[in-house]
Amino acid sequence: MGDIDDALERADREAFTREPPKTLKGRINFLMGKLKTTKAVARELGVSQRSVERYRTGERKTPPKTITDRIDTAVRSRWQPVVRNRRRKEAATRTGITVETRARFGYTAPIGTTDDGRMRRLTVHLPPAYADRLFEAQQQGAGDPELRAIVAEGLQNIYFKDGGTRADHLDVEFTDIDYIDVSF
């Protein structure tokens, strides 16, 4: 739990203006429209070409759960890319993102202050620059530690340092994420 990449994917799904097709036949036909051939759809899903044909005709209506999950992932990744890209671009240039999390925050701070980590629940709006860095890193294939570092830096600068007006020498550690949700 606490995967930032998953939180970004959930936020992307919330951008849908229409829901993707619900029926198996509708989903397969949607993939056929995008990938053009049953062979390409079969390769994408890791099934035989004949299975794809059976799904399209309705001859087979309930594939195994693993195949159903692959179909769902393939459809959602191709569903309304223009809407998703527009929302991401707006967040990266104008509106920013909101991060809601419950995680352990620890500090490296000057002597005489407490640096014990503790669980905190935060909802913080991060400016567009952090959204842009986060989306760019995700597109480059960055792993969760890199994405987490960007979010930690944003939380440190906006929440803990209050935009640079206090706690100059504070370094925040963002660990033990109970949950994280991102919206834009």
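The values are calculated or read from the model by the stated rules, or taken from the named source; none is laboratory data. Owing to the predicted nature of the structure, the values given are computational and were not obtained by experimental measurement. Cβ sites come from the backbone with ideal geometry, for glycine too, and all protein chains shown count toward neighbours. Heads up: the accessible areas ignore ligands, DNA and RNA and are worked out on the full protein's heavy atoms, side chains in. Shrake-Rupley method; radii C 1.70, N 1.55, O 1.52, S 1.80 Å.
Given H placed on each backbone N at 1.01 Å, which residues far from GLU173 in sequence or on other chains put an amide H within less than 5 Å of it?
GLY106, TYR107, THR108
Any chance you could give the angle, 0 to 90 degrees and rounded to 10, that helix 144-155 forms with the longest Cα principal axis of the chain?
Relative to the chain, helix 144-155 is tipped by roughly 40 degrees.
So what J values fall out for region 129-134 if you push phi through Karplus, 6.51 cos²θ - 1.76 cosθ + 1.60 with θ = phi - 60°, rounded to Hz, Gly and Pro as x?
4, 6, 4, 4, 4, 5
Sorted by average packing, counted as other Cβ atoms within 10 angstrom per residue and highest first, what order do 127-139, 38-50 take? Don't jump to the answer; show the numbers that get you there.
Details: 127-139: 18.1, 38-50: 16.2.
So the order, starting with the most tightly packed, is 127-139, 38-50.
So, with +1 on the Cβ of K and R and -1 on the Cβ of D and E, and no other charges, what is the size of the charge dipole of the chain about its Cα centre, to the nearest 20 debye? Mind dumping the intermediate values first?
Working: 34 positive and 28 negative charges, 356 e Å.
Once rounded to the nearest 20, the dipole reads 1720 debye.
Averaged over every viewing direction, what's the projected area of the C-alpha convex hull for region 1-98? Give it in nm², one decimal, please. Before the final figure, lay out the partial values.
On the way: hull surface 29.0 nm².
Mean projected area for region 1-98: 7.3 nm², to one decimal.
Search the structure for amide H atoms under 5 Å from the amide H of TYR179, placed 1.01 Å from N in the peptide plane, and list their residues when 5 or more places away or on another chain.
ARG102
How big is region 36-77 on each of its three principal axes, counting only the C-alpha atoms and giving the largest first in Å?
23, 22, 14
Looking at ALA137, HIS125, THR23, which one has the Cα that reaches farthest to the positive end of the dipole of region 1-141 (charges on Cβ: Lys, Arg +1; Asp, Glu -1)?
Of the options given, the answer is THR23.
Go through LYS36/LYS89; LYS34/LYS65; LYS22/LYS89; LYS65/LYS89 and tell me which ones have a Cα-Cα distance over 26 Å in this structure.
Working: LYS36/LYS89 29 Å; LYS34/LYS65 23 Å; LYS22/LYS89 28 Å; LYS65/LYS89 34 Å.
Table pairs above 26 Å Cα-Cα are LYS36/LYS89; LYS22/LYS89; LYS65/LYS89.
Can you pull the percent of the chain's accessible area that's carbon plus sulfur, 1.4 Å probe, other chains left in place? Intermediate values should be presented prior to the final figure.
Details: 5090 of 10550 Å².
Here it works out to 48 percent.
Apply the Karplus parameterisation 6.51 cos²θ - 1.76 cosθ + 1.60, with θ equal to phi minus 60°, to every residue of region 76-83 and state each ³J(HN,Hα) to the nearest whole Hz, in sequence, with x for glycine and proline.
Karplus-based 3J(HN,Hα) across region 76-83 equals 5, 5, 9, 7, 6, x, 5, 5 Hz.
Between ASP3 and residues 5 or more places away or on another chain, which pairs have amide H atoms under 5 Å apart, with H built 1.01 Å from N, and which residues are they?
none
Provide the per residue accessible area, probe 1.4 Å, for the chain, rounded to a whole number of square angstrom. Before the final figure, lay out each step's value.
Values: 10550 Å² over 184 residues.
Heavy-atom SASA per residue in the chain reads 57 Å².
So what is the 222 nm mean residue ellipticity for the chain from helices alone, if each DSSP H run of at least 4 adds -39500 (n - 2.57) and you divide by all residues, rounding to the nearest 500 deg cm²/dmol? Present the calculation step by step, with values, prior to reporting the outcome.
On the way: 8 runs with 88 residues, N = 184.
So the helix-based figure for the chain works out to -14500 deg cm²/dmol.
Between THR57 and THR123, what length in nm is gained on full extension when 0.36 nm per residue of separation is reduced by their alpha carbon distance?
Working: separation 66, 0.36 × 66 = 23.76 nm, distance 4.75 nm.
That pair, THR57 and THR123, stretches by 19.0 nm at full extension.
Charges at C-beta only: +1 for Lys and Arg, -1 for Asp and Glu. How large is the resulting dipole of region 1-75 about its Cα centre, in Debye rounded to 20? Mind dumping the intermediate values first?
Details: 17 positive and 12 negative charges, 145 e Å.
The dipole magnitude comes to about 700 debye.
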